[in-house]
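This report concerns only the one structure given below.
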Amino acid sequence: MKWLENVSLAPLTTFQIGGPARYLCEVRSERDVTEALAWAKENELRHIILGGGSNVLVPDEGLDALVVHFVGNLWSFGACEIDTWAGSNLFTLIEAAAMGKCGGWEKLAGIPGSIGGAVRGNAGAFGSEIKDFVISVRALNAGTGEIRAFQHAECDFSYRHSFFKEHPEWVITRVRLRLQQVDATESAKLAEEIIAERERRHLQNVRAAGSYFMNPVAPAGIVAQFEAEKGARSREHRVPAGWLIEKAGMKGAIVGGAIASLQHPNYLVNQNAASAADVRALAAKVKDAVRATFDIELHEEAALF
Ligand SMILES: Cc1cc2nc3c(=O)[nH]c(=O)nc-3n(C[C@H](O)[C@H](O)[C@H](O)COP(=O)(O)OP(=O)(O)OC[C@H]3O[C@@H](n4cnc5c(N)ncnc54)[C@H](O)[C@@H]3O)c2cc1C
């Protein structure tokens, strides 16, 4: 296991923002995680789990903590069932599965980060979510050291939500996934098309954490306004946070180096050496404007450490 002291965290996040971690260790197995968490407990230090760093905002002052950084790609295939280490990169696994003629989850291609991060937040795109492919999740309790397999029904998945989001003491170590048999070339082509579509919509390669806010459930009148204007059906009575932000006049709003993206206003982007304080202040402004315009409260999707 690699242990480091006083490590800059900004390069480990897609926001490219944040101060140093007092300690960081790279973990590649459940055994490593057990050891790292035991060390943090022994030394009375807070621990923070970091996967791909694509849905987090690290404070400018850094973290007086042990950051447990999930790294490495490791999985095994049996037919189209995959048993994967939680640190495995989602896109790398989608590509590898396609080569093994397993797929069906190509719409998730291009979502940055690890399998563990994806399961914890039930990541999704274009109507597909990681929950659609999860059989079970193996997790380690940071408090008690217990290791448990959670069957799909116990994971309490819903829109950008899982049991693990509500219970951060459970650290995801392995995930079992079920895919379908597919044609390898067709699957790779589909994934490429999805990535191209994401690029066209400016959803890729930006210094952001993806959608900063979750799409909120809205009153019927606002849902109807959204549906009429966009000619799209709302799912679960939710409306896109980006649409609300634009309507509230906050598209392109700037605080310091942070901007509510002109292409996708729910992306708060590190445009010009933004600090975490800039992003938080911009988020507060956006929330105020949406509350004042619609009486709707936005909630962060990105994890604020
Ligand atoms: C350009 C861009 C586009 C994006 N597009 C999408 C999209 O289309 N759909 C979507 O859903 N998301 C999207 N995101 C957000 C992000 O990619 C997902 O939320 C992703 O699944 C986060 O995974 P991660 O490994 O990077 O998690 P991290 O950012 O490292 O961590 C996020 C949270 O999960 C926790 N966590 C991470 N690993 C574990 C684990 N093993 N056990 C327990 N907790 C863990 C962390 O402690 C933290 O609280 C996008 C982000 C970016 C930057």
Cβ-based exposure ranking for 207, 174, in which fewest neighbours within 10 Å come first: 207, 174
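For residue 271 and residue 217, FRET efficiency with R0 = 30 Å and r from the beta-carbon atoms, rounded to 0.05?
0.50
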For peptides 50-56, 117-123, sequence by mean Cβ density within 10 Å, most packed first: 117-123, 50-56
Cα shape, the stretch 4-121, gyration tensor, a/c 1.5 rule: oblate
Among 14, 173, 185, residue whose mean-square fluctuation peaks in a GNM of the chain (springs only between Cα atoms under 10 Å): 185
Residue of 217, 67, 137 that the Gaussian network model of the chain assigns the largest fluctuation, springs spanning Cα pairs under 10 Å: 217
Listed residues 241, 173, 161: farthest to the positive end of the dipole of the chain (Cβ charges): 241
Spatial separation of Cα centroids for the stretch 103-163 and the stretch 1-18, in angstrom: 24 Å
Dipole magnitude of the chain about its Cα centre (Cβ charges: Lys, Arg +1; Asp, Glu -1), debye to nearest 20: 380 debye
Close Lys-Lys pairs in the chain, where close means Cα under 26 Å and separation is 8 or more or interchain: 20
Residue 81-residue 16 FRET efficiency (beta carbon distance; Förster radius 41 Å; 0.05 resolution): 0.65
Magnitude of the charge dipole, the stretch 1-114, Cβ model with Lys/Arg +1 and Asp/Glu -1, debye to 20: 220 debye
FRET efficiency, 1/(1 + (r/R0)^6) with R0 25 Å, evaluated for residue 74 and residue 144 via beta carbons: 0.50
Lys, Arg +1 and Asp, Glu -1 on Cβ, resulting dipole of the stretch 220-304 about Cα centre, debye, nearest 20: 100 debye
Estimated inter-spin distance, residue 61 and residue 125, nm [label 7 Å along Cα→Cβ]: 3.6 nm
Selected from 98, 128, 82, residue furthest toward positive end of dipole (the stretch 75-200; charges at beta carbon): 82
Histogram of C-alpha separations across the stretch 75-200, 5 Å bin width, %: 2, 12, 22, 25, 19, 11, 6, 2, 1, 0
Diffusion constant of the stretch 2-70 at 25 °C, which comes from Stokes-Einstein with the Kirkwood Cα-pair radius and 0.890 mPa s, µm²/s: 207 µm²/s
GluC sites (Glu not before Pro) restricted to the stretch 177-246 and DSSP loop, no more than 15 other C-beta within 10 Å: 236
Mean residue ellipticity (222 nm) of the chain, computed from DSSP H runs ≥ 4 via -39,500 (n - 2.57), nearest 500: -8500 deg cm²/dmol
Surface/4 of the Cα convex hull for the chain, nm²: 15.7 nm²
C-alpha center-to-center spacing [the stretch 79-93, the stretch 213-257] in angstrom: 33 Å
Overall form of the stretch 175-305 per C-alpha gyration tensor (a/c, 1.5; a/b vs b/c): oblate
Theoretical gain in end-to-end length, residue 304 to residue 169 [0.36 nm per residue, Cα-Cα removed]: 47.0 nm
Cys residues of the chain counted as unpaired, since no other Cys beta-carbon is under 4.7 Å: 25, 155
Charge dipole (the chain, unit charges on Cβ, about Cα centre) - positive-most of 185, 196, 12: 196
Contour excess over end-to-end distance, with Cα ends at residue 151 and residue 232 and 0.36 nm allotted per residue: 25.8 nm
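Quick note: the coordinates plus some simple rules give every number you see, no bench work behind them. Just so it is clear, the structure is predicted and the values come from calculations on it, not from any experiment. Cβ: placed from backbone, ideal geometry, glycine included. Neighbour counts: every protein chain shown.
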